[in-house]
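To keep things clear, I will list the structure first and then write my remarks on it.
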Amino acid sequence: MNELFEFAFDGIPADSLGNLIIGLIRTADQVVDAMEDGVDLLPASVLDPVYWRGIAARSGDAACIINFRTLDIGGKQVARPTLIMMHYDDMSDFSIVLSGGDCKNAGLNAADDFYQWARKVSERYCVTDFYGGLDAAQDANTRLFSKDGLGPLLSMSDLDGIWEDDAGEPVRHA
């Protein structure tokens, strides 16, 4: 299993953006590379609250991609996460993309493990909405969870036997 999984956090208040991202990354040596709107960033800049306040205060759009070494999900370390942050108007959204293989290697499979982690992050930083599942997570048919709870998939293993039909819609085969 090496599918990509996306965990999305939408509607992050400006005063929470920096603290949330800094809390996930933790230290500059965790940052493999970072880029804002196509321009390379110094790893230390993404751990600077002033940098994130500047992003949050912008009236225009901004995009930031950060690859880092590990992400702590419920005390388990998942290798090679990618964080994608989009800022527009007065709000920011971000998603974290992980490979299924890296999640499995960390001992993560159950939807509830990811849901509990995302719920805690969302509550702590006043995030409006959150959901996660097979990339792209906005597809409700292949979600592990949404803000409202678990499912329809209850583990990453539930993807075994899911294919797409000619229209690109997920179909479960026995």
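Scan region 62-90 for residues that are surrounded by fewer than 17 Cβ atoms within 10 Å (Cβ to Cβ), under 18 Å from Val46 (Cβ atoms) and not aliphatic (A, V, I, L, M) and jot them down. Asn67, Arg69, Thr70, Asp72, Arg80 - these are the residues of region 62-90 that are surrounded by fewer than 17 Cβ atoms within 10 Å (Cβ to Cβ), under 18 Å from Val46 (Cβ atoms) and not aliphatic (A, V, I, L, M).
Taken over region 15-49, the criterion of being more than 16 Å from Asp72 (Cα to Cα), touching a strand residue (DSSP E or B) at 6+ places or on another chain (Cβ under 7 Å) and touching a residue at least 60 places away in the same chain (Cβ under 8 Å) is satisfied by Leu17 alone. Taken over region 75-125, the criterion of being polar (S, T, N, Q), under 15 Å from the mean Cα position of the chain (by Cα) and more than 22 Å from Ala57 (Cα to Cα) is satisfied by Gln77, Thr82, Ser99, Gln116.
Only residues that are surrounded by fewer than 21 Cβ atoms within 10 Å (Cβ to Cβ) and not hydroxyl-bearing (Ser, Thr, Tyr) were counted across region 91-112, and they come to 13.
Please determine whether any residue of region 127-136 is closer than 13 Å to Leu17 by Cα, buried (at least 21 other Cβ atoms within 10 Å of the Cβ) and either in contact with a Pro (Cβ under 6 Å, 6 or more places away or on another chain) or of a type in the set (Val, Ile, Thr) (or both).
Just the residues of region 127-136 that are closer than 13 Å to Leu17 by Cα, to begin with: 127-128.
After this cut, where a residue has to be buried (at least 21 other Cβ atoms within 10 Å of the Cβ) as well, the list is 127.
Keeping just the survivors that are either in contact with a Pro (Cβ under 6 Å, 6 or more places away or on another chain) or of a type in the set (Val, Ile, Thr) (or both) gives 127.
Checking region 127-136: at least one residue is closer than 13 Å to Leu17 by Cα, buried (at least 21 other Cβ atoms within 10 Å of the Cβ) and either in contact with a Pro (Cβ under 6 Å, 6 or more places away or on another chain) or of a type in the set (Val, Ile, Thr) (or both).
Is it the case, given these coordinates, that Ser92 is of a type outside the set (D, E, K, R), within 15 Å of Leu17 (Cα to Cα) and not in a strand (DSSP E or B)? For Ser92, the condition - of a type outside the set (D, E, K, R), within 15 Å of Leu17 (Cα to Cα) and not in a strand (DSSP E or B) - is not met.
State yes or no: is Tyr131 closer than 19 Å to Ile12 by Cβ, in contact (Cβ under 8 Å) with a residue 60 or more places away in the chain and among the hydroxyl-bearing types (Ser, Thr, Tyr)? Talk me through it step by step, then tell me what you get.
Details: closer than 19 Å to Ile12 by Cβ: yes; in contact (Cβ under 8 Å) with a residue 60 or more places away in the chain: yes; among the hydroxyl-bearing types (Ser, Thr, Tyr): yes.
Answer is yes for this residue.
Yes/no matrix, rows are residues, columns are (1) polar (S, T, N, Q); (2) at pLDDT 90 or above:
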residue	(1), (2)
Asp113	no, yes
Arg124	no, yes
Gln138	yes, no
Asp148	no, yes
Leu154	no, no
Leu159	no, no
Glu164	no, no
Val171	no, no
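Give the residues of region 129-148 that are under 13 Å from the mean Cα position of the chain (by Cα), in a loop (DSSP other than H, G, I, E, B) and more than 13 Å from Leu4 (Cβ to Cβ), sorted by residue number. Scanning region 129-148 gives a single hit, Gln138.
The values are calculated or read from the model by the stated rules, or taken from the named source; none is laboratory data. Everything numeric here is computed off the predicted structure, so don't read it as measured data. Please note: Cβ atoms are built from the backbone with ideal geometry, for glycine as well, and neighbour counts cover all protein chains shown.
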